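**Student:** Here it is, the structure, as structure tokens.
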Amino acid sequence: MKADKIVLRKMCMKLKSPFQTSFGTQQVRDFILVEVHTKDHIGYGECVVSGQPLYSEETVGTAWHVLEDFLIPMVFDRGEIAHPDELRELFVPIRRNNMAKSAIEGAYWDLYAKEQGIPLAKALGGTKEKIEVGISLGIEANIDDLFRNVEKYLELGYRRMKIKIAPGKDVEVIRALRQRFGGIPMMADANSAYTLQDVGVLKQLDEFDLMMIEQPLAHDDIIDHAQLQKELKTPICLDESIHSYEDARKAIELGSTRIINMKVGRVGGLSEAKRIHDLCQEKGIPLWCGGMLESGIGRAHNIAVTTLPNFTLPGDTAGSSRYWEEDVISPEVEVAADGTIAVPDAPGIGFQPVPELLNKYTTAIKVLARG
Ligand code: OSB
Ligand code: MG
């Protein structure tokens, strides 16, 4: 695969409804799309940054800089790339900036699958024809709004409810949901809102038989989580703390995590995601695919990675209409009444980006040419 040009698009899409977590409220998704053009194909990748460094340190501004000034020149210098795994190695000297790396690596994975004439899921070694999905529900000011959301997505078939929690919006919220909806598959995500001093509150959640609690403690911690796990019955699932195979290996070894939320952007790409997948499979740690409120392009990548066999729990990959009035792909991602998404069998990501819609939501564009 030899890129003739690489196109960066700054994107801005408005969410149907605001999404509140313990670190902030998002109404607008600012992110970046990467297109890698070869003689025969275009590969698409999504950079799952946001406008502000709240979930991680990367932003649209930092990722654009790192892509334009470092990663893309490295890719042009390399010239021919036979397999996307080569990019993981190529980018090792560049520290972190995982979402920037993942965007261009994902575009090469799409290209690679298109050149082979196979779906991305197959190119990755995926084995499923459909994937099971749940939904991530933001914090609501008012419990009736949360009830309405849970009701709606249960009716639509979603296989588990993930409830965002924060201090003061935790035990009573989960208790109310259990009283109202009984034993539905449910988990909580704290996005690092607690410390070990809150162990009393977190222990109270044990009573509600949650599938797991996601990232209760600091975004950069794996020590306190191990301590906390010793005190909790509920399994801990790390999200923010896992940036690499090495992070996963150490967290598993320490007992800091019993389940891992995989976000391809957070770990720097699909090749690293596969390495973590294989490690977790060997260690008996189940995986599921997290989300970053992606457009259809990132969503398609998430569907593909979820077809790997150790993604045994429903992920956060909801249908396009949960987020957008209109998505940028055709067809849009749809969740069937049984809470599954059919894995497309067209080559590459299997959903076609629609040029007019890409342009409609593009706020800046830069074409970088080889040479
Ligand atoms: O912590 O998993 C998270 C969205 C943005 C940033 C962090 C998280 C989330 C979600 C939403 O939970 C997942 C989705 O629906 O894409
Ligand atoms: Mg999370």
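**Student:** Filter region 243-260 down to residues that are under 19 Å from V199 (Cα atoms), part of a loop (DSSP other than H, G, I, E, B) and open to solvent by 10 Å² or more (accessible area, probe 1.4 Å), then give me how many there are.
**Tutor:** Of the residues in region 243-260, the ones under 19 Å from V199 (Cα atoms) are 254-258.
So of that shortlist, the ones also part of a loop (DSSP other than H, G, I, E, B) come out as 255-258.
Among the residues that remain, those that are also open to solvent by 10 Å² or more (accessible area, probe 1.4 Å) are: 255, 258.
Adding up the residues that qualify gives 2.
**Student:** I would also like to ask the following. Exactly one of these conditions fails for G79: (1) over 26 Å from V354 (Cα atoms); (2) modelled with pLDDT of 95 or more. Give me its number.
**Tutor:** Exception for G79: condition (2).
**Student:** Name the single residue that is nearest to R160 (Cα to Cα) among those in region 187-206 being more than 16 Å from ligand 2 (Cβ to nearest atom) and polar (S, T, N, Q).
**Tutor:** Result: Q204.
**Student:** For region 332-348, enumerate the residues that are open to solvent by less than 40 Å² (accessible area, probe 1.4 Å) and not in a loop (DSSP other than H, G, I, E, B).
**Tutor:** Looking only at region 332-348, we keep the residues that are open to solvent by less than 40 Å² (accessible area, probe 1.4 Å), and these are 333, 335, 339-341, 343-344, 346, 348.
Scanning region 332-348 gives T340, I341, G348.
**Student:** Against the definition (buried (at least 17 other Cβ atoms within 10 Å of the Cβ) and either assigned to a loop (DSSP other than H, G, I, E, B) or among the small types (G, A, S) (or both)), how does A82 come out, yes or no?
**Tutor:** Values: buried (at least 17 other Cβ atoms within 10 Å of the Cβ): no; either assigned to a loop (DSSP other than H, G, I, E, B) or among the small types (G, A, S) (or both): yes.
So A82 fails the test.
**Student:** Same structure, new question: Quick one: would you say R266 is within 16 Å of ligand 2 (Cβ to nearest atom), farther than 18 Å from G138 by Cα and not polar (S, T, N, Q)? Let's see the steps before the verdict.
**Tutor:** Numbers: within 16 Å of ligand 2 (Cβ to nearest atom): yes; farther than 18 Å from G138 by Cα: yes; not polar (S, T, N, Q): yes.
When the stated conditions are applied, R266 passes them.
**Student:** Shifting gears a bit: The conditions are (1) of a type outside the set (A, V, I, L, M); (2) within 16 Å of ligand 2 (Cβ to nearest atom); (3) within 30 Å of G79 (Cα to Cα), and S136 fails exactly one of them. Which is it?
**Tutor:** The number of the failed condition is (3).
**Student:** Are there helices (runs of 4 or more DSSP H) fully within region 261-331 with at least 2 residues that are over 14 Å from F351 (Cβ atoms), among the aliphatic types (A, V, I, L, M) and at pLDDT 95 or above? List them.
**Tutor:** Numbers: elements: 264-267, 270-283, 296-306.
Hits in region 261-331: 264-267, 270-283.
**Student:** If a residue must be open to solvent by 10 Å² or more (accessible area, probe 1.4 Å), in contact (Cβ under 8 Å) with a residue 40 or more places away in the chain and on the phi < 0 side of the Ramachandran plot, how many such residues does region 272-293 contain?
**Tutor:** Residues flagged as open to solvent by 10 Å² or more (accessible area, probe 1.4 Å), in contact (Cβ under 8 Å) with a residue 40 or more places away in the chain and on the phi < 0 side of the Ramachandran plot within region 272-293 amount to 4.
**Student:** Can you report the number of residues in region 120-149 which are over 18 Å from M187 (Cβ atoms) and assigned to a strand (DSSP E or B)?
**Tutor:** 1
**Student:** Sticking with this structure for a sec: Can you name every residue in region 208-238 that is under 21 Å from M186 (Cβ atoms) and among the hydrophobic types (A, V, I, L, M, F, W, C)?
**Tutor:** Across region 208-238, the qualifying residues are F208, L210, M211, M212, I213, L217, L228, L232, I236, C237, L238.
**Student:** Yes or no: A337 more than 20 Å from L15 (Cβ to Cβ) and either outside the structural domain of E214 (by TED's automatic domain parsing) or within 18 Å of the chain's Cα centre (by Cα) (or both)? First the steps, then the outcome.
**Tutor:** Working: more than 20 Å from L15 (Cβ to Cβ): yes; either outside the structural domain of E214 (by TED's automatic domain parsing) or within 18 Å of the chain's Cα centre (by Cα) (or both): no.
Judged against the criteria, A337 is not a match.
**Student:** Ok, one more. With the checklist (1) in contact with a strand residue (DSSP E or B) (Cβ under 9 Å, 6 or more places away or on another chain); (2) open to solvent by less than 60 Å² (accessible area, probe 1.4 Å) in hand, flag the one item V66 doesn't pass.
**Tutor:** (1)
**Student:** Taking region 163-202 as the search range and keeping residues that are under 23 Å from E151 (Cα atoms) and touching a residue at least 40 places away in the same chain (Cβ under 8 Å), which one is most open to solvent (accessible area, probe 1.4 Å)?
**Tutor:** P185
**Student:** While we're on this one: Sort through D224, D220, D239, D247 and tell me the only one that's on the phi < 0 side of the Ramachandran plot and in contact with a helix residue (DSSP H, G or I) (Cβ under 6 Å, 6 or more places away or on another chain). Before you say what the answer is, go through the steps one by one.
**Tutor:** Working: D220 fails: in contact with a helix residue (DSSP H, G or I) (Cβ under 6 Å, 6 or more places away or on another chain); D239 fails: in contact with a helix residue (DSSP H, G or I) (Cβ under 6 Å, 6 or more places away or on another chain); D247 fails: in contact with a helix residue (DSSP H, G or I) (Cβ under 6 Å, 6 or more places away or on another chain).
Result of the check over D224, D220, D239, D247: D224.
**Student:** Search region 111-131 for residues that are touching a residue at least 60 places away in the same chain (Cβ under 8 Å) and assigned by TED's automatic domain parsing to the domain that holds D85 and pair each with any residue that is open to solvent by 50 Å² or more (accessible area, probe 1.4 Å) and part of a strand (DSSP E or B) when their beta-carbon atoms are under 8 Å apart and the residues are at least 6 apart or on different chains.
**Tutor:** Hits for this filter: L111/I42.
**Student:** Just one of the numbered conditions (1) under 18 Å from the mean Cα position of the chain (by Cα); (2) open to solvent by 10 Å² or more (accessible area, probe 1.4 Å) is not true of D110; which one?
**Tutor:** Of (1) under 18 Å from the mean Cα position of the chain (by Cα); (2) open to solvent by 10 Å² or more (accessible area, probe 1.4 Å), only one is false for D110: (2).
The values are calculated or read from the model by the stated rules, or taken from the named source; none is laboratory data. Just so it is clear, the model here is predicted, and its values are computed rather than measured. Quick reminder, even Gly has a Cβ in these numbers, built from the backbone with ideal geometry, and neighbours come from all protein chains shown. Surface accessibility is based on the protein's heavy atoms, side chains included, excluding ligands, DNA and RNA. Shrake-Rupley method; radii C 1.70, N 1.55, O 1.52, S 1.80 Å.
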